[in-house]
Amino acid sequence: SQTIHQWPATLVQPVGSPLSLECTVEGTSNPNLYWYRQAAGRGLQLLFYSVGIGQISSEVPQNLSASRPQDRQFILSSKKLLLSDSGFYLCAWIPGGAETQYFGPGTRLLVL
Amino acid sequence: KNQVEQSPQSLIILEGKNCTLQCNYTVSPFSNLRWYKQDTGRGPVSLTIMTFSENTKSNGRYTATLDADTKQSSLHITASQLSDSASYICVVSAKAAGNKLTFGGGTRVLVKP
């Protein structure tokens with residue numbers, strides 16, 4: 001079966017600390033992968049998407065970065081977190097040849 | 001610029017009543033339109049997906065319509081239940097590398113007993 005995992009589920013980090021959020025998918029190969037951020041009470045904002053290993057497209061300039069070291073692994077990182085980085089981070093994927101985008105359970109990040 | 005506008009922003013309805021959510025988009029070239037349901041603190045879950053040639057699609061008590069000429073879609077919830085309380089997000093996909101999606105701001109629905 002096809003599943004998507006995100007961890008951690010929740011994270012509280014001080015301003016200026018680094019960040020690493022991980023997303024992995026199972027049961028598929030060569031998926032398109034996406035990172036979104038959702039601020040409280042707001043819509044989803046696409047941060048990065050990847051169509052293959054090492055291929056990352058950035059949608060908005062910010063202090064975040066993404067990497068795809070393996071086909072089914074997508075990592076969101078930051079060297080120094082800002083207060084404005086707080087939010088709900090969602091990883092999503094589209095299986096090869098499919099139309100529907102599936103979302104992971106999300107990581108709630110609070111930067112203090 | 002690709003945009004998706006949803007209305008209303010929020011909605012309160014009584015249990016058992018029907019409601020209709022609206023979505024207008026300017027995404028081009030159009031590939032498909034999806035409706036998602038997002039419970040608080042959870043990831044969105046797909047309800048329906050429609051391509052250019054589809055006018056309506058149902059998923060249980062949820063019925064989505066699409067008018068590709070006017071670039072409008074609606075999501076109708078029939079006989080609402082308390083579990084329908086959630087945000088409903090309209091998402092439009094453009095035909096481009098990476099299946100880039102444009103998200104609406106969502107409509108927050110609260111069903112009261």
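Placing a label point 7 Å from the Cα of residue B:61 along the Cα-to-Cβ direction, the residues of region B:14-39 with a backbone N closer than 11 Å are B:14-19. Using the Stokes-Einstein relation with a Kirkwood hydrodynamic radius computed over Cα pairs, the translational diffusion coefficient of the protein assembly as shown at 10 °C and a viscosity of 1.306 mPa s comes to 88 µm²/s. Highest mobility in the GNM of chain B, judged by mean-square fluctuation with C-alpha springs under 10 Å and restricted to B:48, B:70, B:56, is found for B:70. If you look at the Cα atoms of chain A, you get an Rg and a Dmax of 13.3, 41 Å. For chain B, the number of Lys pairs with C-alpha atoms closer than 19 Å, counting only pairs eight or more positions apart or on separate chains, is 10. Restriction of the chymotrypsin sites (Phe, Trp or Tyr not before Pro) in region B:24-89 to DSSP coil positions whose beta-carbon has at most 15 other beta-carbons within 10 angstrom yields B:52. Within chain B, the percentage of alpha carbon pairs spaced more than 21 angstrom apart rounds to 31%. Residue-wise HN-Hα couplings along region A:23-35, as the Karplus relation 6.51 cos²θ - 1.76 cosθ + 1.60 with θ = phi - 60° gives them from phi, are 9, 10, 10, 10, x, 8, 9, 6, x, 7, 10, 9, 10 Hz; Gly and Pro carry x.
Here the contact order of chain B, divided by its residue count and restricted to Cα pairs under 8 Å and six or more residues apart, works out to 37 percent. Over chain A, Cα pairs under 8 Å with separation of 6+ residues give a relative contact order of 36 percent. Please figure out what share of the DSSP beta bridges in chain A is antiparallel and state it in percent, rounded to the nearest 5. Roughly 90 percent of the DSSP beta bridges within chain A come out antiparallel. Report the Cα centroid-to-centroid distance between region A:1-29 and region A:40-96 in angstrom, as an integer. Each part reduced to its Cα centre gives a spacing of 10 Å.
At an R0 of 41 angstrom, the distance between the Cβ atoms of residue B:83 and residue B:2 translates into a FRET efficiency of 0.80.
Values in this text are rule-based calculations from the coordinates and carry no lab data. Just so you know, these numbers come straight off a predicted model, no measurement behind them. Note: ideal-geometry Cβ built from the backbone for every residue, glycine included; neighbour counts use all protein chains shown.
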